[in-house]
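Below is one structure, written out as structure tokens; comments come after it.
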Amino acid sequence: MSGRQKIWHDLVKSGSVNPKSASGLIIAGLGIAALGIAGRYAAKHGKVAGEMLKKQIDALPTAAGSKYYRGGFDAKMTKREASLILGVR
């Protein structure tokens, strides 16, 4: 048994350290490290992603340039209304 293992074994045996709480601390530390890495990534690339998203939203067609017919229906279907609905001439 190495020196570190012996020290750990002695601490656990004496009741000074509970292995379950130690593993919980390790998991908590890994979680905090993951949050830090994710936060750094978001801070570094978030502005660029936000600008790209805004460009994509602005590029979407508006209702004024829509290919769909904006109007009501007649009481009886006419050829003109059918062609507008189907998008043919």
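All of the numbers you see were taken from the coordinates with simple rules; none came from a lab. These figures come from a predicted structure and were not determined experimentally. Every residue, glycine as well, gets a Cβ built from its backbone with ideal geometry; the counts of neighbours run over all protein chains shown.
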Potential extension, ILE26-ILE7 segment - 0.36 nm per residue separation minus Cα distance: 5.0 nm
Förster-model FRET efficiency, 35 Å R0, ALA42 and ALA75, C-beta, rounded to 0.05: 0.05
